[in-house]
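**Q** Here it is: the structure, laid out below.
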Amino acid sequence: MKSLERIFNTLVSLGLTRTEAEIYVLLTRKGPQKKDDIANLLNVVNQDLHQSLIELRENGFINLQFKQSSIFIAVPFEKALENLIEIKSKEAQVAQENKKAVLRYWDSMLKESQKNK
């Protein structure tokens, strides 16, 4: 059980919520599941489950196996980790770009402030 908790903690540290991590691990361990089965197995409120499933699908952690019966299936763990790393890399790139813009504004503000003295 210690290694399972480590997996949860790793997934959460990489950006998943605890509920998303639990859903993903459940699907990897038990195989494809219907939404209602996931809710019952994890004792998750339907609204939280719905939002978590949307996030997991949008970020490439799970897929719908059959759209009509809403059976969810996990992508392989290695692929899920690659998806998380890619998301974090994009976030870091955006942060770096924002940093440059903010520093330009800061320098401009300081120069303007020096002129007004």
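**Q** Would you kindly derive the ³J(HN,Hα) couplings of region 4-10 from the backbone phi angles with the Karplus curve 6.51 cos²θ - 1.76 cosθ + 1.60 (θ = phi - 60°), listing them in order in whole Hz, with x for Gly and Pro?
**A** The phi angles translate into 5, 5, 5, 5, 4, 4, 5 Hz.
**Q** Just to confirm a number: summing +1 for Lys and Arg and -1 for Asp and Glu over residues other than PHE61 whose beta-carbon lies under 10 angstrom from that of PHE61, what do you get?
**A** Taking every Cβ under 10 Å from that of PHE61, the sum is -1.
**Q** No solvent, one uniform scatterer per C-alpha: report log10 I(q)/I(0) for the chain via the Debye equation at q = 0.14, 0.19, 0.21 1/Å, two decimals.
**A** After summing over all Cα pairs, the log10 values are -0.63, -0.98, -1.14.
**Q** Using the Karplus curve 6.51 cos²θ - 1.76 cosθ + 1.60 with θ = phi - 60°, work out ³J(HN,Hα) for each residue of region 52-60 in order, rounded to whole Hz, and write x for Gly and Pro.
**A** Taking θ as phi minus 60°, the curve returns 5, 5, 4, 4, 5, 5, 5, 9, x Hz for region 52-60.
**Q** Within the set of other residues whose C-beta is less than 12 Å from the C-beta of ASN46, count the net charge using Lys and Arg as +1 and Asp and Glu as -1.
**A** Value of the local net charge: -1.
**Q** Can you compute the charge dipole magnitude of the chain about its Cα centre, using +1 on each Lys and Arg Cβ and -1 on each Asp and Glu Cβ, nothing else charged? Give it in debye, rounded to the nearest 20.
**A** 400 debye
No lab work stands behind these numbers, since they all come straight from the coordinates. This one's a predicted model, so the numbers in the text were calculated from it and none came from an experiment. When we count neighbours, we look across all protein chains shown, and the Cβ atoms used for this are built from the backbone with ideal geometry, even at glycine.
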